[in-house]
Structures are given as C-alpha cells and as structure tokens.
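A short write-up of the structure that comes next.
The values are calculated or read from the model by the stated rules, or taken from the named source; none is laboratory data. These figures come from a predicted structure and were not determined experimentally. Note: ideal-geometry Cβ built from the backbone for every residue, glycine included; neighbour counts use all protein chains shown. Remember, those area values only see protein heavy atoms, side chains included, never the ligands or the DNA or RNA. Shrake-Rupley method; radii C 1.70, N 1.55, O 1.52, S 1.80 Å.
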Amino acid sequence: MKKSIKLLLFSLLLFLVFGPMAPAKAEVNSEEFAGETVTIGTVGEELADIWEFVADKAAEDGIELDIVLFTDYNTPNISLVDGSLDMNAYQHTDFLNDWNDANETNLVSIGNTFATPLRFFSEKHNSIDDLPEGAIIAIPNDLASSSYALQILDYADLVKLDESIDALPTVNDIVENPNNYEIIELEAAQIPSAMADVDMGVIHQVYLESTDFEPNDAIYSYGHNTETFNYNRLNTITVREEDQDNPLYQYIVDLYQSDDVADYIEKISNGGHIPAWILLEEYEASLEDESN
C-alpha cells in the first residue's frame, strides 16, 4: 500500500482512539419541535438546493428551515457568531479549525454532511500513468488547497515532499520530481479554462459546471473511499459551542443524515459529493473486518 498523507494518518488515529466519528442519533420526539424555526447558512446553489430538500422533510414535522445563501466563506461563520444564524453548513473541519484559531471563536461541528474528493482531470490523458516527462499539472493557488494537492501528488508517487517539514507544504518543499513535472498554481476558478494548456489539473466540484467533465471523468481521485477519506475534509453542520447539545439542532442532523437525502446529494452532484455518514459507516465496518 502506498504511503498515506499525514492528515489521513491523524484522522484515522482519532477514529481508533475515540471510536466512531459519526454523531450519535438524538432520541427525540419530533412533535415537540412543531412551530420552531431554524436559520441555516450555506454557500453555493448546489448546497442550498440540498438544504431545501431537507427543509421539505422538516416541514412535515412542523419545523421551518430558513435557508440563507452566502457567496463567500467567511460571512456564514461571522453570522453564526453574532446570532444571525442558528447553524451553518458549508465548511470542512480543517477550515473550521483554522477559522476558530484566527478569530478566537469556538464554533463546533455537530454532524457531517458529505465528503468531496479532490479530483484531477485531463483533456489529454486517461490515467496519471500516461503523464509524459515534463507534464504540466495545475493546482489551486490558495495554501489550503495547494498543500493538500501536493500531498496527494506525493501519495500518488508523482513527486516526493520533504517529510521533515511541519508546516503546510508548498512547491518549494518538493525534494524529488523524477519526471520533471511542471506544477503551476492558478486561481481555482481559472483552472477549468486552462485545461487545454495543461496535462492535468485539479478542478473543485463547484467549478465542474463550467466544464464538460463529470466527477467520474477524473483520472485520479483522493478521498472517495475508506482507504483515502480524510475526516478533517468532511463537510460539517456547525453551531455555536453552547448550542451543540440542542435537541432541535441534533434532530436537524438526523433529518439530513437519512437515506433519501443521501440519494439526493449523489443525484444533484452527479456523484461529486459522497454522503459522509455512509463513508464513516463503511470505514467503521472495514475496521471491524480487519479486527476479526
């Protein structure tokens, strides 16, 4: 088996030490929530559409979910802190932890929504094994995305990173590049339009709509199965720390983590998003199989 990236090892260690990471289902009577309203912030039409589907389910119990759509990644957390929102759902754990550190806040996750694998696409090649000498590889230029992409390129044995570094790796931390790949960093939104000029590029799910690619067209993916998923990259339902045990909010998590929502997530994203609770259940089952 190929070496694993540090983030994955840390995630699996957490699982082994603390047990299953999926939240416990709340034992509640939904009738007690009739007449309640919960305001939820999210980012992007696709995620808002998923939450509208959940809102229809909540309405059957007399619960109104007010979905607020944002266009940036900071305002939903600001609005949660100031009380304008009851919860938000758009960010993965790494982003949440970094935001808490930078803003001295204590927002917490009360459940996971979905995983979005990092996918590499190509208009010229069908496999990473087909990449030629000197191939041009485009990755997003924001540090969180570029460092993660570099770690995955290391995992796939395309390059080797300096293992002694403790900070997020950059292209300057590549110590072996036997095929002389040229790794260029572009704005994530610009990579789709640059695909004709590169051999392979990372395209985030949110930008696939501007291309002819489908998620399963990727020539390499990371985070799509129990061997490669990264717990810190699972998207979360986030609340203020004092609200983490709120039974109504826990019930909203239960509504989200249901089979019909899982089917809807996969349908609306064309398989681009993977329901996180199902991935975690599969991972737990794989650990049990290994222990038997």
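Summary table below
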item	result
Residue among Thr93, Thr71, Thr105, Thr113 that is open to solvent by 40 Å² or more (accessible area, probe 1.4 Å) and of a type outside the set (D, E, K, R)	Thr71
Near pairs, Cβ below 9 angstrom, 6+ apart or cross-chain, from the range 252-280 (closer than 19 Å to Asn88 by Cβ) to any residue that is part of a loop (DSSP other than H, G, I, E, B) and among the aromatic types (Phe, Trp, Tyr)	Ala276/Phe229
Flag if Asn141 is modelled with pLDDT under 95 and surrounded by fewer than 20 Cβ atoms within 10 Å (Cβ to Cβ)	yes
Identity of the residue in the range 171-195, in a helix (DSSP H, G or I), within 24 Å of the chain's Cα centre (by Cα) and not hydrophobic (A, V, I, L, M, F, W, C), that ends up surrounded by the most Cβ atoms within 10 Å (Cβ to Cβ)	Pro192
Count of residues meeting criterion [farther than 18 Å from Asn232 by Cα and at pLDDT below 95] in the range 144-169	3
Selection within the range 73-105 - under 15 Å from the mean Cα position of the chain (by Cα) and not β-branched (Val, Ile, Thr)	Tyr73, Asn88, Ala89, Tyr90, Gln91, His92, Asp94, Phe95, Leu96, Asn97, Asp98
The range 75-85, residues that are buried (at least 19 other Cβ atoms within 10 Å of the Cβ) and in contact (Cβ under 8 Å) with a residue 40 or more places away in the chain	Asn77, Leu80, Leu85
Selection count, the range 234-275, where residues are closer than 23 Å to Ser79 by Cβ and either open to solvent by less than 40 Å² (accessible area, probe 1.4 Å) or outside any loop (DSSP other than H, G, I, E, B) (or both)	19
Pairs where the first residue, in the range 86-103, is aromatic (Phe, Trp, Tyr) and the second is crowded, with 19+ Cβ neighbours inside 10 Å and part of a helix (DSSP H, G or I), C-beta under 8 Å, 6+ apart	Tyr90/Leu47; Tyr90/Pro76; Trp99/Asn77
Filter result for Asp157 (among the acidic types (Asp, Glu) and either part of a loop (DSSP other than H, G, I, E, B) or within 18 Å of the chain's Cα centre (by Cα) (or both))	yes
Pairs, first farther than 23 Å from His92 by Cβ in the range 50-74, second β-branched (Val, Ile, Thr) and exposed (fewer than 13 other Cβ atoms within 10 Å of the Cβ), C-beta under 7 Å, six or more apart	Glu64/Thr37; Asp66/Thr37
Pairs with Cβ under 8 Å, 6+ apart, first in the range 196-220 and of a type in the set (Val, Ile, Thr) and open to solvent by 70 Å² or more (accessible area, probe 1.4 Å), second at pLDDT below 95 and not in a loop (DSSP other than H, G, I, E, B)	Val206/Glu46
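Residues checked against (1) among the aliphatic types (A, V, I, L, M); (2) in contact with a Phe, Trp or Tyr (Cβ under 8 Å, 6 or more places away or on another chain):
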site: His204; (1), (2): no, no
site: Pro215; (1), (2): no, no
site: Thr226; (1), (2): no, yes
site: Arg240; (1), (2): no, no
site: Ile252; (1), (2): yes, no
site: Asp259; (1), (2): no, no
site: Asp263; (1), (2): no, no
site: His273; (1), (2): no, yes
